[in-house]
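The block underneath contains the structure these notes are about, expressed in structure tokens.
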Amino acid sequence: MFKTESDFKYNEFKPVDTKEYKIQPYDIISLSITTNDGLKLINIGEKQGGNTGNLRREIEYLVEYDGFVKVPTLGRVKISGKTIREAEAFLEKEYADYYKNPFVLLRVNNRKVYVFKGGGDDGTVLNIPEDRLTLIEALAMSGGIPDSDKAYKIKLIRGDVSNNPEVYRYNISSLEDIQGSNLLLQANDIIYVESRPRYARRVMTEITPYLTLISTFLLVYNLF
């Protein structure tokens, strides 16, 4: 899984990218909207009850293929290409025509990274928190690195895997080698930890059918 040639040229490590995430088509977002600069914003996620003067909150919306999202009152508005802060400011400006000092909180709920260990036998999908997720944190959240895997040979695949993705190689086997490896992850990053050769397991897999056949033959021979 995700094999590379021995002379494969990996991408060079880049400094931590502090650029804000930009909303993309097919993202799933949650909106929390209230009036009066958030004065009555209490217990986000509760169903609206009583005379709060707020819009309904914490509902998920899909950013469609063209970058538009359909939200209450406004209808379809385009938010793809905007950072979260830019989208919040944009929606607050749009809602200002209908509500007094609207206050908008927006979250992207489907930013994920994928971690494969054990030669691909063990896969984990992790949600990226609102603040950030690093390579070390992702490995820890997925259960760490087993003895059978190579902590000195970790691949990070970024971008469209079918169209020349960036591939980085990291070594976290020692404190000296780990420097510069704890990068910030991006949505849809793939982390692949190579496993050590399992010669004994391979041999047993290959000879098991023959052993079964021999055992069956001996059983039949003894019966007769």
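Ordered by 1.4 Å accessible area with all protein chains kept, Asp97, Asp160, Asp27 run largest first as Asp97, Asp160, Asp27. Cross-link pairs exceeding 20 Å between alpha carbons, from the set Lys78/Lys112; Lys3/Lys117; Lys22/Lys153: Lys78/Lys112; Lys22/Lys153.
Could you tell me the relative contact order of the stretch 85-147? Use alpha-carbon pairs under 8 Å, at least six residues apart, and round to a whole percent.
This gives 22 percent for the stretch 85-147.
The values are calculated or read from the model by the stated rules, or taken from the named source; none is laboratory data. If you're wondering where the values come from, they're calculated on a predicted model, not measured in any experiment. Surface areas here come from the heavy atoms of the whole protein model, side chains and all, with no ligands, DNA or RNA. Shrake-Rupley method; radii C 1.70, N 1.55, O 1.52, S 1.80 Å.
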